[in-house]
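K.L.:
Handing you this structure, nothing more for now.
The values are calculated or read from the model by the stated rules, or taken from the named source; none is laboratory data. Everything numeric in this text was worked out from a predicted model, so none of it was measured. Cβ placement follows ideal geometry from the backbone for every residue including glycine, while neighbour counts extend to all protein chains displayed. When the accessible area is computed, the model is the full protein with side chains, heavy atoms only, and any ligands, DNA or RNA have been set aside. Shrake-Rupley method; radii C 1.70, N 1.55, O 1.52, S 1.80 Å.
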Amino acid sequence: MLMLLVPGPHFENPCSIACPAELQPLPCAPRARPDSAWVASVLASRGATLHVQVCEAARHRLRERRVSFSCSDLCLQTPAFATMLSANDFASASWELVVRVDHPDEEEQKDITLRVSGDLHIGGVMLKLVEQINIAQDWSDFALWWEQKRCWLLKTHWTLDKCGVQADAKLVFTPQHKMLRLRLPNVKTVRLRVSFSAVVFKAVSDICKALNIRRPEELSLLKPSSDYFKKKKKKDKNNKEPLIEDILNLESSPTISGPPVSPGLYSKTMTPTYDPVNGTPVSSTMTWFSDSPLTEQNCNILAFSQPPQSPEALADMYQSRSLVDKTKLNAGWLDSSRSLMEQGIQEDEQLLLRFKYYTFFDLNPKYDAVRINQLYEQARWAIVLEEIDCTEEEMLIFAALQYHISKLSSSAEIQDFTSESEVDEVEAALSNLEVTLEGGKADSTLEDITDIPKLADNLKLFRPKKLILKAFKQYWFVFKDTSITYFKNKELEEGEPVEKLNLRGCEVVPDVNVAGRKFGIKLLIPVADGMNEVYLRCDHENQYAQWMAACILASKGKTMADSSYQPEVLNILSFLRMKNRNSTSSVASSPENMDMNPECFVSPRCAKKHKSKQLAARIMEAHQNVAQMSLVEAKLRFIQAWQSLPEFGLTYYLVRFKGSKKDDILGVSYNRLIRIDAATGVPITTWRFANMKQWNVNWEIRQVAIEFDQNVSIAFTCLSADCKVVHEYIGGYIFLSTRSKGQNETLDEDLFHKLTGGQE
């Protein structure tokens, strides 16, 4: 062996390096600190790896002097001493990185080994990969996926050291856009290419753009529970013939994530285009998105209702659910702040696309054909499968509307959503402005109301108490602002009232039976220790509509001066007239001659209570009140009736409140949280979002804490779902409350993620 003395200012004694005798001596280091670059240059001059070793005494001196020189830079000994490597392998402490290439055209994935260093950026790694694969194709959609950390390496300017990637990392070079099967609310499955690297919020926006659905912030992706397809699979096993699922394949036009959609894309004054098949003007629905795959096919595929399911299929899908069972339906919502791949979604997996938030902003028949139809279908299935409770009388109204919609959808004369004479919106606005400037009275007046309207009338009141029969007593009621004041009679109105009820934040539940001439309003008024229950009884429909509309607005903190009061009154009256059974007029056709299967339009539980002929007759009787409606009007009326149900918009979760020894149900709505007794289903307390000061999540113990006005604080842990799901629901509803028509369809995505993302 030959000993070489390495001089240097940082050593008291020279450091000895042993090398094989048959090689020439190593050159001396410069009079500076020896470092890995010097060692690399020495090795480069020899073109081989030497057995370099620092003696123990020198190592001790190195440690004492704290010289910036790593022993590992010199310990280049390999298991087999005779192994010879090229000099380039040791530039800047390089190492081997194995990357698996997920090529869609290859049956098997293959591993590529790269020689990299920590200061190499992600883009450089991808460039090396493509050069080594040596296949001429477009690689722009490919990115690196880190399996152990379950994250995408999308910041191509970051180095491997900054990302924390080391030699043991398992990386996959895979396309960002993959195929996904989506079950829409109308039970139709669509197969399209979706970004698996973008956050779910962005991915849903791209999906809705492809499907011509406006307001994508109202929808999200739901991973079905394990028993969602259980009954269907069990039925399929009994069939000898294989079941072929009807899938609408939109693979030809992928949803590519890009910059935010420009406001002009949603412009409501668009140049008319023409259908390439028959040359007729295309519906506005088809012109929202010029790059949508649906423009190449028939836009009506998703804009019109599917034929009703058979009673056997309904019975197979129906499951009797308790309130606790309903909490399991909402456990599978995906995290909007993370990508599909990060949440374990596989390529070609089936997810449910659903309306998650029950605030349907700016429903416009001219532009929302697909959106209205999918919303109607989601409401229809919620009614038929009893995911939301309704009375038998309401069930018949929904059945009549379903029958009417089904009849119109299957008719040869399909109605065009834009067939009605419509005035260009810019022209209408200019006309309105012109009339206003001339001092005339415009159609949509915005009058300054200096005196808030009030209601005053005789109503009956009842407060339920234990061991007391339900007896209503008449009082003189005055409704002003958001409060109800009642007196013993009209003459005492100027004096001291019996009681004043503040309805802000209360629950308003209709208690109506039109056939029995019962028009009641149930009020659940929040107090410090729970809810006060009060029943009001009106004499007739008009009185009920006025007081009910006033109570609904007051619960939201609005008065009768609000512009939505009169439309609310008209909606209530319209729904009451639909419920009104017209016994004087005869049914147009006998049940025997009708092409209707009544069990298709009601829940299986309701169908068991009545004979088929009797049920058909009652549906046809209710149908007379809606028979003159157009297709889109009937769908909108169905949605409005769905919205009027007491449980509409409530999403249930099983929780344990802090300090409680039993589990409760938490109902999350667009404007409030409700604590519900899990055993009885009775609301205990209501908290309004308007009174919320702040909320946060303790991610360590998975607890949601919320602080309201008047020093009210609550905290709970989620049992039926992850607390992130509830946290996102609350933040999502607050985000949607900031929308306005002046925003021109643009969304503040950063604000959404601030309100819903959280910090885990």
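K.L.:
Run the numbers for Q109 and R150: contour at 0.36 nm per residue of separation, minus the present Cα-Cα distance, in nm. Please report the intermediate quantities before stating the final value.
P.N.:
Values: separation 41, 0.36 × 41 = 14.76 nm, distance 1.87 nm.
Roughly 12.9 nm would be gained on extension.
K.L.:
Tell me, what is the percent relative contact order of the stretch 687-760, built from C-alpha pairs under 8 Å that lie six or more residues apart?
P.N.:
Working: 74 pairs, mean separation 17.9, N = 74.
After rounding, I find 24 percent.
K.L.:
While we're looking at this one, here's another question. What accessible area per residue comes out for the stretch 320-365, rounded to a whole number of Å², with a 1.4 Å probe? Show your work: numbers first, answer last.
P.N.:
Details: 1670 Å² over 46 residues.
Value returned for the stretch 320-365: 36 Å² of accessible area per residue.
K.L.:
Shifting gears a bit: So if R0 is 30 Å, what FRET efficiency would H753 and K662 give, r being the distance between their Cβ atoms, rounded to the nearest 0.05?
P.N.:
Details: r = 35 Å, r/R0 = 1.17.
The formula returns an efficiency of 0.30 here.
K.L.:
Between D709 and Q350, what FRET efficiency comes out of the Förster formula 1/(1 + (r/R0)^6) with R0 = 41 Å and r the beta carbon distance, rounded to 0.05? Walk me through the intermediate numbers first.
P.N.:
Working: r = 44 Å, r/R0 = 1.08.
Efficiency for this residue pair is about 0.40.
K.L.:
Net charge around A456, counting only other residues with Cβ within less than 9 Å of its Cβ (Lys, Arg = +1; Asp, Glu = -1)? Intermediate values should be presented prior to the final figure.
P.N.:
On the way: positive: K454, K480, K490; negative: D457, E493.
With Lys, Arg at +1 and Asp, Glu at -1, the net is +1.
K.L.:
Also, quick follow-up: For a Förster distance of 22 Å, can you work out the FRET efficiency between the beta-carbons of Q319 and K609, rounded to the nearest 0.05? Before the final figure, lay out each step's value.
P.N.:
Details: r = 18 Å, r/R0 = 0.82.
Step by step, r from the Cβ atoms, then E = 0.75.
K.L.:
Still on this model: Please work out how much length the chain gains when fully extended from A561 to L492, using 0.36 nm per residue of separation minus the C-alpha to C-alpha distance, in nm with one decimal.
P.N.:
On the way: separation 69, 0.36 × 69 = 24.84 nm, distance 2.58 nm.
Answer, rounded to one decimal: 22.3 nm.
K.L.:
State, to one decimal in nm, how far the label point of D457 lies from the label point of E131, with both points 7 Å from Cα in the Cβ direction.
P.N.:
So the two model labels end up 8.3 nm from each other.
K.L.:
While we're looking at this one, here's another question. Could you calculate the contour length gain from Q694 to K500, that is, 0.36 nm times the residue separation minus the distance between their Cα atoms, to one decimal place in nm? The partial results should precede the final answer.
P.N.:
On the way: separation 194, 0.36 × 194 = 69.84 nm, distance 2.99 nm.
That pair, Q694 and K500, stretches by 66.8 nm at full extension.
K.L.:
Let me ask something else. Quick one: Cα centre-to-centre distance for the stretch 334-375 and the stretch 176-225, in angstrom?
P.N.:
About 6 Å separates the Cα centre of the stretch 334-375 from the one of the stretch 176-225.
K.L.:
Provide the three semi-axes, in whole Å and in decreasing order, of the ellipsoid equivalent to the stretch 295-412 as defined by the square roots of 5 times the Cα gyration tensor eigenvalues. Could the numbers behind the result be given before it?
P.N.:
Details: eigenvalues 135, 102, 46 Å².
Calculated on Cα positions only, the semi-axes equal 26, 23, 15 Å.
K.L.:
In a shell of Cβ-Cβ distance under 10 Å around P646, excluding P646 itself, what net charge do Lys and Arg (+1) and Asp and Glu (-1) give?
P.N.:
Working: positive: K522; negative: D389, E507, D511, E647.
Result for the neighbourhood of P646: -3.
K.L.:
Points 7 angstrom from Cα along the Cβ direction at Q474 and T159: gap in nanometres?
P.N.:
Simple spin-label model gives 8.8 nm for this pair.
K.L.:
Taking amide H positions as placed in the peptide plane 1.01 Å from N, state which residues far from Q474 in sequence (5 or more) or on other chains have amide H under 5 Å from it.
P.N.:
Sorted by chain and number, the residues that satisfy this are L461.
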